[in-house]
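This report refers to the structure that appears directly beneath it.
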Amino acid sequence: AKNAGRNTWRCYRPGMSELIEKRRALEADLEQAVENGDFELYLQPRVRCSDTEIEGYEALLRWTHPTRGPVSPVDFIPVAEASGKIIQLGEWVLAEACRILKTLPADKRLSINVSPIQFRQIDFLGNIEAIVAAEGADPKRIELEITESVLIDDDEGARQVLDALKRSGFNIALDDFGTGYSSLSYLSRYPFDAIKIDRSFVANLGVEANAEAIVRSIIDLGSGLGMKVVAEGVETIEQARLLVTNGCDELQGYLLGRPVPVDRIAMDVAGDVKR
Ligand code: C2E
Ligand code: CA
Ligand code: CA
Ligand code: CA
């Protein structure tokens, strides 16, 4: 048994060191990437169920590595978080989002993703306000998407930051709702404008018998607390139909539109304005 254990370890070791090597290489390249302008924000529409108009867009970070090509945020965000680079990257995302806002019609909002590491910075609020002021953007047009992990570690501190952000005019959404713990107990204690139903629940609609009941409960909970409820990862008409039937406020997903470069949005916007 001992031997088998040792062999197993030997089997895994090359994989592990490759992984570590890959992370180290990514980390070094991340250093350069912001300066090189290798990052871009793609926008994905959020569509209102009531009138099927676009409420706003979620900004999703894209990295085109000079030799590797596109690298998924799923791969590089954790590396940027571990190295602390996410702070600088997050500041670039916010500034870039402010610049994009100027090219969108005044009634459209932009949502950006905020890493827990950013959120826990000492002067997160001060930094974010400084960037928005420098870019001349209106915080009311910006929604910050945070995840439940932000709330679990530091209840009171997190609530103060969120309250202050609200007072400054920012909108706040709880991302990936339902994937963390104790969702019910804390939801009412924080000033969320919106909750986003995680796409794992949406994916089960029409597949698992209980999925509709779960999604309906989340919608009722959010609506009951006065929050907008947004479903993410909507891929099929059947999912959309079940979400609308159960009172969901907004839909986001490939069915409504994939994340695309900003210049691809501009065309839709031009069409919007003409109408
Ligand atoms: P997220 O915030 O939950 O973003 C939604 C993810 O679902 C995006 O993946 C989006 O492209 C994808 N998606 C949208 N519609 C559909 C659909 O219908 N079906 C499926 N299967 N997927 C869909 P993406 O762009 O790869 O981003 C992955 C994650 O990386 C994001 O998850 C977010 O946690 C993180 N991320 C992306 N951009 C940023 C950023 O600027 N800052 C930070 N801190 N994190 C970011
Ligand atoms: Ca998000
Ligand atoms: Ca999400
Ligand atoms: Ca996610």
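Quick notes
Residues are listed down the side, and each one gets a yes or a no for (1) in a strand (DSSP E or B); (2) within 16 Å of ligand 2 (Cβ to nearest atom); (3) closer than 19 Å to V262 by Cα; (4) in contact (Cβ under 8 Å) with a residue 60 or more places away in the chain:
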| position | (1), (2), (3), (4) |
| --- | --- |
| E55 | yes, yes, yes, yes |
| A59 | yes, yes, yes, no |
| T64 | yes, no, yes, no |
| T67 | no, no, no, no |
| F76 | no, yes, no, no |
| E81 | no, yes, no, no |
| V93 | no, yes, yes, no |
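- Yes/no for I128 being out of contact with any Phe, Trp or Tyr (no Cβ under 6 Å at 6 or more places or on another chain) and of a type in the set (V, I, T): yes
- Unmet requirement for N7, which otherwise passes all of (1) touching an Asp or Glu at 6+ places or on another chain (Cβ under 9 Å); (2) modelled with pLDDT under 95; (3) among the polar types (S, T, N, Q): (1)
Results for (1) over 22 Å from E156 (Cα atoms); (2) within 16 Å of ligand 4 (Cβ to nearest atom); (3) surrounded by 13 or more Cβ atoms within 10 Å (Cβ to Cβ), shown as yes or no for each residue.
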| position | (1), (2), (3) |
| --- | --- |
| G178 | no, yes, yes |
| N210 | yes, no, no |
| A213 | yes, no, no |
| I219 | yes, no, yes |
| G224 | yes, no, no |
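- Test: S111 is crowded, with 21+ Cβ neighbours inside 10 Å and either aromatic (F, W, Y) or within 14 Å of ligand 2 (Cβ to nearest atom) (or both): yes
- Single condition L256 does not satisfy, out of (1) in contact with a helix residue (DSSP H, G or I) (Cβ under 7 Å, 6 or more places away or on another chain); (2) within 18 Å of Q44 (Cβ to Cβ): (1)
- The lone exception for A97 - which of (1) touching a strand residue (DSSP E or B) at 6+ places or on another chain (Cβ under 7 Å); (2) more than 10 Å from ligand 1 (Cβ to nearest atom); (3) part of a helix (DSSP H, G or I) it fails: (2)
- Residue identified as within 15 Å of ligand 3 (Cβ to nearest atom), in a helix (DSSP H, G or I), under 30 Å from P105 (Cα atoms) and not charged (D, E, K, R) among V229, V202, V161, V244: V202
- Restricting region 179-202 to residues that are touching a helix residue (DSSP H, G or I) at 6+ places or on another chain (Cβ under 6 Å) and not β-branched (V, I, T), the residue that is nearest to ligand 1 (Cβ to nearest atom): F201
- Where G169 falls short, out of the listed (1) touching a Pro at 6+ places or on another chain (Cβ under 9 Å); (2) outside any loop (DSSP other than H, G, I, E, B); (3) over 22 Å from Q88 (Cβ atoms): (2)
- Scope region 20-48; condition within 20 Å of P261 (Cα to Cα), assigned to a strand (DSSP E or B) and of a type outside the set (F, W, Y); matching residues: E40, L41, L43, Q44, P45, R46, V47
- Residue tally, condition assigned to a helix (DSSP H, G or I) and crowded, with 21+ Cβ neighbours inside 10 Å, over region 114-140: 4
- Residue in region 250-265 that is within 15 Å of ligand 3 (Cβ to nearest atom), on the phi < 0 side of the Ramachandran plot and of a type in the set (A, V, I, L, M) present: yes
- Here A194 meets the list (1) under 20 Å from the mean Cα position of the chain (by Cα); (2) on the phi > 0 side of the Ramachandran plot almost entirely, failing just condition (2).
- Search result, residues across region 227-243 that are more than 9 Å from ligand 1 (Cβ to nearest atom), touching a strand residue (DSSP E or B) at 6+ places or on another chain (Cβ under 8 Å) and of a type in the set (A, V, I, L, M): M227, V229, V230, A231, A240, L243
The values are calculated or read from the model by the stated rules, or taken from the named source; none is laboratory data. Treat the numbers as computed from the prediction; the structure is a model and nothing was measured. Backbone-built Cβ (ideal geometry, glycine too); neighbour counts: all protein chains shown.
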